[in-house]
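Worksheet for the structure shown next.
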Amino acid sequence: MAVESKDVEEFLSVGTSIMFHTDPVRKDGPRFKTNVRGWRKGNHILLDRPKAANGSFVALQEGQQCVVRYLCEGKACAFDSQVLGWDSRRQSPYLRIRWPQSLQYVTFRKFERIKIHLKCQIEWPTGEHSAACMCDLSIGGCGLHSCHESHVDENIKLSFQLPDGVHVQEVQAKVRNVRALTQRNFLGVEFCENQEAVENEIAFFVTSLLERQRMAGELEAAAHRVLVIDSDPKISARLKQTFEFRKCEVVLATNVVDGMYRLRVAKPSAVIVHQELSDLVGLEVCRIIRECIDFKNTLVYLYGGEDENLEAKAIGVGATGYFPPLLTMAPDIAAGVSQALAKREFNPDLTPV
């Protein structure tokens with residue numbers, strides 16, 4: 001769900017542990033743990049200046065795009081922002097980022113489990129390590145298949161890599177259930193509290209996957225799915241109505257973070273991006289989408305804008321096509337995209353560019 005800029009303060013708390021992403025487009029892009037220090041509503045948010053694993057400050061650029069993710073009272077929250085400035089003094093160095101235009105959140109339940117198949121490394125109290133297979137995962141714990149003998153209330157540490165590319169290291173856990181199977185044991189494991197890896201990485205992966213599954217069920221019956229990324233709700237509403245008249249399922253996003261999230265969740269047949277977004281120009285969004293290997297065959301269109309060379313620039317970054325201002329009436333866009341979708345359906349091997 002989306003929260004407007006004026007209401008973001010309700011989802012902030014001093015001292016909150018967050019994940020700071022400096023390259024949000026890459027699913028395995030760099031991310032750093034830090035904390036919320038304070039904010040000036042409508043202007044900026046102060047964070048402890050993030051550090052890399054070697055203890056050095058993370059390299060930053062003024063104006064750099066970034067994404068912040070954190071948990072707040074049963075909600076996984078995220079927003080996109082921009083680096084405004086930072087302080088390098090030894091005592092309490094800070095990072096200042098732009099107040100978000102909006103915030104997205106998903107409500108989660110701690111023990112809602114997902115089926116999964118992950119290789120996992122267990123460190124036992126003796127210091128010994130053994131391999132295991134994770135068969136289910138929740139924010140509160142996981143299920144493991146292990147050949148190693150264990151007992152209830154045994155303390156262990158788990159290390160594994162999530163499907164989104166994130167490495168989770170040495171999560172402290174406690175064995176709560178042991179059940180003997182034919183050739184191995186099933187271990188029901190509970191994660192210990194107050195761990196940043198659990199509160200950020202695992203929580204966001206689980207909630208995002210659950211939301212993706214929910215949306216996939218809702219969109220399953222649609223012939224074509226179209227994602228519209230536009231900060232103007234009036235334009236979005238007109239496009240949605242026009243595409244739905246053509247029997248297309250429409251997913252709306254108001255900013256880049258929301259758009260990239262829904263792109264991965266909904267897996268649309270086509271993406272329509274407005275050039276004049278509130279947080280990043282549409283041309284750049286088209287380039288970002290096209291650079292994602294998962295969407296190399298997705299139709300991507302840019303529309304609007306005043307630059308006379310936008311069509312050439314759009315094609316140059318890999319967009320399928322461009323609708324200039326004189327042709328940005330919703331029926332024109334819907335007709336052009338629908339024709340391309342029909343052509344793609346007739347010839348599914350057709351590449352977009």
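The residues in region 95-109 that are of a type in the set (Val, Ile, Thr) and at pLDDT 90 or above can be counted, and the count is 1.
Scanning region 166-176 for residues that are open to solvent by less than 30 Å² (accessible area, probe 1.4 Å) and within 17 Å of residue 205 (Cβ to Cβ) yields 166, 168, 171, 173.
Mind checking whether some residue in region 139-148 is touching a residue at least 60 places away in the same chain (Cβ under 8 Å) and either not in a loop (DSSP other than H, G, I, E, B) or not small (Gly, Ala, Ser) (or both)? The answer is yes, given that some residue of region 139-148 is touching a residue at least 60 places away in the same chain (Cβ under 8 Å) and either not in a loop (DSSP other than H, G, I, E, B) or not small (Gly, Ala, Ser) (or both).
The strands (runs of 3 or more DSSP E) falling completely within region 1-88 that include 3 or more residues that are on the phi < 0 side of the Ramachandran plot and open to solvent by 40 Å² or more (accessible area, probe 1.4 Å) map to 31-40, 75-86.
Whenever a residue of region 1-12 is in contact (Cβ under 8 Å) with a residue 24 or more places away in the chain, its partners that are part of a helix (DSSP H, G or I) and open to solvent by 50 Å² or more (accessible area, probe 1.4 Å), lying with C-beta atoms within less than 9 angstrom and at least six residues away or across chains, give the pairs 3/10. Does region 98-115 contain any residue that is open to solvent by less than 60 Å² (accessible area, probe 1.4 Å), polar (S, T, N, Q) and part of a loop (DSSP other than H, G, I, E, B)? The answer is no, given that none of the residues of region 98-115 is open to solvent by less than 60 Å² (accessible area, probe 1.4 Å), polar (S, T, N, Q) and part of a loop (DSSP other than H, G, I, E, B). What do you reckon, is residue 98 among the basic types (Lys, Arg) and under 21 Å from residue 17 (Cα atoms)? Yes.
Quick check, is residue 331 loosely packed, with under 15 Cβ neighbours inside 10 Å and either under 15 Å from residue 242 (Cβ atoms) or in contact with a strand residue (DSSP E or B) (Cβ under 9 Å, 6 or more places away or on another chain) (or both)? Considered against the rule, which asks whether it is loosely packed, with under 15 Cβ neighbours inside 10 Å and either under 15 Å from residue 242 (Cβ atoms) or in contact with a strand residue (DSSP E or B) (Cβ under 9 Å, 6 or more places away or on another chain) (or both), residue 331 comes out as yes.
The values are calculated or read from the model by the stated rules, or taken from the named source; none is laboratory data. Computed from a predicted model, the values in this text were never measured in an experiment. Neighbour counts are summed over all protein chains in view; Cβ atoms, including those assigned to glycine, are modelled from backbone coordinates with ideal geometry. Each accessible area value is taken on the protein alone, full model and side chains, heavy atoms only, with ligands, DNA and RNA left out. Shrake-Rupley method; radii C 1.70, N 1.55, O 1.52, S 1.80 Å.
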